[in-house]
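The values are calculated or read from the model by the stated rules, or taken from the named source; none is laboratory data. For clarity, every value in this text was computed on a predicted model and none was experimentally measured. Because the Cβ atoms are built from the backbone with ideal geometry, glycine has one as well, and the counts that use them run over all protein chains shown.
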Amino acid sequence: MSATIIDGKAFAAKVREQVAAHVARLKDEHGITPGLAVVLVGEDPASEVYVRNKGKQTLEAGMNSFEHKLAADTSEADLLALIDQLNTDPAVHGILVQLPLPGHLNSDLVINSIDPAKDVDGFHISNVGLLGTGQKSMVPCTPLGCLMMLRDHLGSLSGLNAVVVGRSNIVGKPMAQLLLGDSCTVTIAHSRTKDLAEVCRRADILVAAVGRPEMIPGDWVKPGATVIDVGINRIPAPEKGEGKHRLVGDVEFASAAEVAGAITPVPGGVGPMTIACLLANTVTACCRANALPEPEGLTA
Ligand code: GUN
């Protein structure tokens, strides 16, 4: 193995420390405590784990955490009423509605009812438009975490060929915008892309966000490339015992690590950065709401 392993767990811990330091200063100097409201509708077990971790890390950073757990059959009107209440609550600086929502709720409508200034997920159409036009916005957490790791490892990204595999609204599209903002030459590839292997082999920066276990083998990776693996896929691991599972990324780690210059592991790569960036976005939103200088190094 030749690649540098990018330690997302350690990087996320550093981001959380910076966030906690900003929070302490906001409290001491301005008497303000940033607050994050998380709304969970229904009982999806994976979502419950995420929401619990978000709440825990929010409190650990010294911020207020407001959790709203609603029944799976909550009406759209009731959910919109809650969001309206959070929009006007001065103690709430960030609002996150956990996705996916139950099928009877219109996710676009719900997300677009959040005050864009409190939209710490960066999913509101206003924030999408602001990011796409290079204006100040709230930036989606996972791509923001990837950008931070890339800048930390590479310094300037200017002029590099970046290939993003995956075109989701949550990761692929905003990731491409951020890379473009840092002056990369950006390609968005996806399941219908012709000669995907060839496209990937041109990448100085390869971001994999498709959700297909180990889909990208090492021989698709350009020697020396920086590989960011956003995938978190649970696959059977009979070698660990009957019924056991393990987590793998969208990249075949062992073969890619032979070729890449640097690579994020799964687990312990992009994953821990997402919640760290959510906390960072909450502090950013709080500073903006109070016309205070934004935390340096925690925004795009
Ligand atoms: N579900 C999976 N990832 C996310 C995320 O980043 N934000 C929200 N709100 N829901 C999610």
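Some observations on this one:
- Just one of the listed residues (Gly155, Gly132, Gly166) is under 18 Å from Val207 (Cβ atoms), touching a residue at least 60 places away in the same chain (Cβ under 8 Å) and not aromatic (Phe, Trp, Tyr), namely Gly166.
- Filtered residue count, region 170-210, keeping only those that are within 16 Å of the ligand (Cβ to nearest atom) and in a loop (DSSP other than H, G, I, E, B): 4
- Within region 36-63, considering residues that are under 19 Å from the mean Cα position of the chain (by Cα) and outside any helix (DSSP H, G or I), the one surrounded by the most Cβ atoms within 10 Å (Cβ to Cβ): Leu36
- Qualifying residues in region 84-115 (those that are in contact with a Gly (Cβ under 9 Å, 6 or more places away or on another chain) and of a type in the set (A, V, I, L, M, F, W, C)) - the one nearest to the ligand (Cβ to nearest atom): Leu101
- Pair list, Cβ < 6 Å and 6+ apart or interchain, from region 93-119 residues that are in contact (Cβ under 8 Å) with a residue 60 or more places away in the chain and within 16 Å of Asp78 (Cα to Cα) to residues that are away from the ligand (no atom under 13 Å from the Cβ) and not in a helix (DSSP H, G or I): Pro102/Ala72
- Candidate set: region 69-81, residues that are away from the ligand (no atom under 15 Å from the Cβ) and part of a helix (DSSP H, G or I); chosen: the one surrounded by the fewest Cβ atoms within 10 Å (Cβ to Cβ): Ala77
- Among residues of region 35-64, those that are among the basic types (Lys, Arg) and without any contact (Cβ under 8 Å) to a residue 60 or more places away in the chain, counted: 2
- Members of region 116-128 found to be under 20 Å from Glu294 (Cβ atoms), in a helix (DSSP H, G or I) and out of contact with any Gly (no Cβ under 8 Å at 6 or more places or on another chain), listed by number: Pro116, Ala117, Ser126, Asn127
- Matching entry among Gly211, Gly241 (being over 21 Å from His153 (Cα atoms), surrounded by fewer than 22 Cβ atoms within 10 Å (Cβ to Cβ) and within 19 Å of the chain's Cα centre (by Cα)): Gly211
- The lone criterion from (1) in contact with a Leu (Cβ under 6 Å, 6 or more places away or on another chain); (2) surrounded by fewer than 19 Cβ atoms within 10 Å (Cβ to Cβ) left unmet by Leu292 is number (1).
- Pro272 vs. criteria within 16 Å of the ligand (Cβ to nearest atom), of a type outside the set (A, V, I, L, M), buried (at least 20 other Cβ atoms within 10 Å of the Cβ) and modelled with pLDDT of 95 or more: yes
- Looking across region 146-169 at every residue that is under 18 Å from Gly231 (Cα atoms) and assigned to a loop (DSSP other than H, G, I, E, B), the one that is farthest from the ligand (Cβ to nearest atom) is identified as Arg167.
- Among the conditions (1) within 16 Å of the ligand (Cβ to nearest atom); (2) more than 30 Å from Ile263 (Cβ to Cβ); (3) surrounded by 19 or more Cβ atoms within 10 Å (Cβ to Cβ), Phe66 misses just one, which is (3).
- Exclusive hit being more than 22 Å from His153 (Cβ to Cβ), surrounded by fewer than 18 Cβ atoms within 10 Å (Cβ to Cβ) and in contact (Cβ under 8 Å) with a residue 12 or more places away in the chain, set Asp195, Asp219: Asp219
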